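The values are calculated or read from the model by the stated rules, or taken from the named source; none is laboratory data. Not measured: the values here are computed from a predicted model. Cβ placement follows ideal geometry from the backbone for every residue including glycine, while neighbour counts extend to all protein chains displayed. Accessible surface is based on the protein model in full, side chains and every heavy atom, while ligands, DNA and RNA are left aside. Shrake-Rupley method; radii C 1.70, N 1.55, O 1.52, S 1.80 Å.
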Amino acid sequence: MVKLSICIGSACHLRGAHGVLSAFNALIDKYQVQSNVDLEGSFCQGKCTEGVVIKIDDEVITNVTKDKVYDIFMEKILGR
Ligand code: FES
């Protein structure tokens, strides 16, 4: 099980957290990995100027945009 959390604090929200969340959800559906991914929203991670901030298990990834989601998903989630 991979734990994926996406910051939904206000700064990350303004930087497109919703689009990042939707993009991950779409890929999770497409590749049918719902049972392997624990997706959740998180509160502010303290890196508001580097949003969108996500965390995959213990790895924090900053400056995520919806356009980067595919590569991150392939490498860090499907690639495990
Ligand atoms: S709002 Fe996302 S790190 Fe602060």
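Scanning segment 2-30 for residues that are open to solvent by 50 Å² or more (accessible area, probe 1.4 Å) and either within 11 Å of the ligand (Cβ to nearest atom) or of a type outside the set (A, V, I, L, M, F, W, C) (or both) returns Lys3, Ile8, Ser10, His13, Leu14, Arg15, His18, Ser22, Asn25, Asp29, Lys30.
Total residues in segment 44-57 satisfying the condition of being within 8 Å of the ligand (Cβ to nearest atom) and loosely packed, with under 14 Cβ neighbours inside 10 Å: the figure is 1. Does segment 66-74 contain any residue that is among the aromatic types (Phe, Trp, Tyr), within 12 Å of the chain's Cα centre (by Cα) and surrounded by fewer than 14 Cβ atoms within 10 Å (Cβ to Cβ)? Within segment 66-74, one or more residues are among the aromatic types (Phe, Trp, Tyr), within 12 Å of the chain's Cα centre (by Cα) and surrounded by fewer than 14 Cβ atoms within 10 Å (Cβ to Cβ). Scanning segment 51-78 for residues that are touching a residue at least 24 places away in the same chain (Cβ under 8 Å), among the charged types (D, E, K, R) and under 17 Å from Leu27 (Cα atoms) returns Lys55, Lys66, Lys76.
The number of residues in segment 39-80 that are under 18 Å from Gly19 (Cα atoms) and acidic (Asp, Glu) comes to 4.
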